[in-house]
Amino acid sequence: MMANQFAETKTKGNTMNRRNMIAAGIAGISAAAISKLGAQTPATKNSELEDVRKLLAAHDKALTNHDLTGVMASLADDAAVMGTGPGEMWSGTEELKLAYEHFFMVFDKGEQEYEAAFMHGALADDMGWAMTSGTVKGKKDGKEFSYPLNISLTVAKNGGAWKIAAMHFSTLTGKEGA
């Protein structure tokens, strides 16, 4: 659960708990991660790809706007989210709600974006995956932050509709400059 505390990391002159950095990285990442999948996906999957893009954009919009109902609607019933460190794993409706409520607290509403530097993925009939590496930029209490973040995610058809089944986030850890 979320009781674990982690070392602090400096980001653009501001100190931010590493857990908060990972949590803040959720907004804007999933749509960016899947946005270039068309290049790796056969043409027959284009309509499905558009549905997945819409799902991920809805997730990101809901997260950015601190809309828990919207976020939960984008997740599969058995979805799981994993961070970098020990204990950073949330699954099931109640844990995910608590995790996202925590995520909402680490960035100002509407003040976050993810800039992808690299993306790769694929989409099949009922499942897809994406990996991306980039930078999260945002604000907390009006102060800017920025840090690198890697993301992988899996989408799956759930009752005929695409849902986010799993997400994993990781960022650099350790001493600054190491």
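The values are calculated or read from the model by the stated rules, or taken from the named source; none is laboratory data. This structure is a prediction, so every number in the text was calculated from the model and none was measured. Ideal geometry is used to build each Cβ from the backbone, glycine not excepted, and the neighbour counts take in all protein chains shown.
One residue is enough: does segment 40-52 have a residue meeting the conditions within 17 Å of MET167 (Cα to Cα) and either at pLDDT 90 or above or over 15 Å from the mean Cα position of the chain (by Cα) (or both)?
no
Taking only segment 105-114 into account, find how many residues are buried (at least 19 other Cβ atoms within 10 Å of the Cβ) and modelled with pLDDT of 90 or more. Residues meeting the conditions: 1. Evaluate segment 87-94: report whether one residue or more is of a type in the set (A, V, I, L, M, F, W, C) and modelled with pLDDT of 85 or more. So far as segment 87-94 goes, yes, one or more of its residues are of a type in the set (A, V, I, L, M, F, W, C) and modelled with pLDDT of 85 or more.
The set of residues from segment 76-134 being outside any strand (DSSP E or B) and of a type in the set (D, E, K, R) comprises GLU88, GLU94, GLU95, LYS97, GLU101, ASP108, LYS109, GLU111, ASP125, ASP126. Only one entry of ALA27, ALA32, ALA57 meets the criterion of being assigned to a loop (DSSP other than H, G, I, E, B), within 13 Å of the chain's Cα centre (by Cα) and either modelled with pLDDT under 95 or under 16 Å from LEU153 (Cα atoms) (or both), and that entry is ALA27.
Considering only residues that are within 19 Å of ALA57 (Cβ to Cβ) and free of Cβ contacts under 8 Å to residues at least 60 places away in the same chain, which ones fall in segment 128-151? Across segment 128-151, the qualifying residues are TRP129, LYS137. The test for being surrounded by 17 or more Cβ atoms within 10 Å (Cβ to Cβ) and farther than 19 Å from THR64 by Cα does not hold for ALA117. Given the conditions (1) modelled with pLDDT of 90 or more; (2) of a type in the set (D, E, K, R); (3) more than 17 Å from PHE169 (Cβ to Cβ), report the number of the one that ASP125 does not fulfil. All conditions are met except number (1). Scanning segment 60-82 for residues being touching a residue at least 12 places away in the same chain (Cβ under 8 Å), over 18 Å from PHE107 (Cβ atoms), over 12 Å from the mean Cα position of the chain (by Cα) and surrounded by fewer than 21 Cβ atoms within 10 Å (Cβ to Cβ) gives a total of 5. The residues listed here are GLY142, GLY92, GLY134, GLY87; of these, the one that is out of contact with any Ser or Thr (no Cβ under 7 Å at 6 or more places or on another chain), closer than 15 Å to HIS168 by Cα and surrounded by fewer than 18 Cβ atoms within 10 Å (Cβ to Cβ) is GLY87.
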